[in-house]
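Asks: Before we start, here is the structure in question, set down as structure tokens.
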Amino acid sequence: MVRPGRPAGRRPSMSARARLEHRAVAVRQRPARVLAAAALTLAVVLGAGWLVWGSSVLAADTVRIEGLAADDADRAAVAEAAAVPLGTALARIDVGAVAARVRSVPFVRDASVDRAWPHTVVVHVVPRVALFAVRGPQGRLGLVDADAVIFREVTSLPPGIPLANGTSDAPAPEGLRAVVTVLRLLPETQRATVNEITVTSASLVTFKLGTVQVVWGGQGQEEKKIKVLQALLATKPTVVDVSAPDTPVTR
């Protein structure tokens, strides 16, 4: 028997009002869920920030120096110049400032600094390499690199390093650069015979190739000078002056 007012075969379901109320509750709860998620995200970000930037959990406790031979004195000098603030959060260490301090070390040509998580600061050093040595009138012996920088004072001449004599304890940089150019341009077989290099001034560098005295002059016209020198060496001279390569002199 079908009761009046209810269609035959239709099952009871959630009324439209119930559905609306359920939806309204969900809408009212949405801001709370969004705020909770935002608060959780903020807490995670702040916690991670504190862990990286403020706590000692990721603090620097080691400095590793790369690029140098096992020389305790050089490594100690670099470590002292780097002045890495151990115990400081690794993220807060100014690696650019550390690198700049290391570059101020005379025997360092270049340097860069990286963080190696979780606790290490890595200092990469490019050391200067001696191309020749210069001795001043007071007997001080300094090593000079390919940038014409006197970067280290030594007590004896290293093997295989040519010696230049300067007329002052601070030879003119232009004169040192002229010597660098000569050593770079000469063939290896001739470079090995270079001796008695003298840096008198910025515009007067002399040296011997074996027993041949060469007056090189200063910087400028290097390619022409080396070509003229090679041509005149074939004449078996005792002196070659290529300081003015357009008008060379031989004796």
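Asks: By how many nm would the segment from Gln213 to Glu174 grow when fully extended, if each residue of separation counts as 0.36 nm and the alpha-carbon distance is taken off? Intermediate results must be reported in sequence, preceding the final value.
Replies: Working: separation 39, 0.36 × 39 = 14.04 nm, distance 2.06 nm.
The span from Gln213 to Glu174 would gain 12.0 nm if fully extended.
Asks: A follow-up question, please. Modelling each spin label as a point 7 Å along the Cα-to-Cβ direction, I'd like the His124/Val154 distance in nm, to one decimal.
Replies: Taking the two extended label points, one gets 2.7 nm.
Asks: May I pose another question? For segment 181-236, what is the charge dipole size about the Cα centre, in debye to the nearest 20, if Lys and Arg each add +1 at the Cβ and Asp and Glu each add -1 at the Cβ?
Replies: Dipole size: approximately 120 debye.
Asks: Follow-up. State whether segment 198-251 is rounded, prolate or oblate according to the following rule on the C-alpha gyration tensor (a ≥ b ≥ c being the square roots of its eigenvalues): a/c under 1.5 gives rounded; otherwise a/b larger than b/c gives prolate, and the remaining case gives oblate. Could you put the intermediate results ahead of the total?
Replies: Working: a/c = 1.99, a/b = 1.24, b/c = 1.60.
Note, shape of segment 198-251 comes out oblate.
Asks: Still on this structure, I have one more. Using the Cα centre of segment 98-191 as the reference point, and only Cβ charges (+1 on K/R, -1 on D/E), how large is the resulting charge dipole? Debye, rounded to the nearest 20.
Replies: 100
Just so you know, all these numbers are worked out from the coordinates, no wet-lab data involved. The model shown is predicted, which means the values in this text are computed figures rather than measured ones. Heads up, the Cβs are rebuilt from the backbone with ideal geometry, glycines too, and the neighbour counts pull from every protein chain shown.
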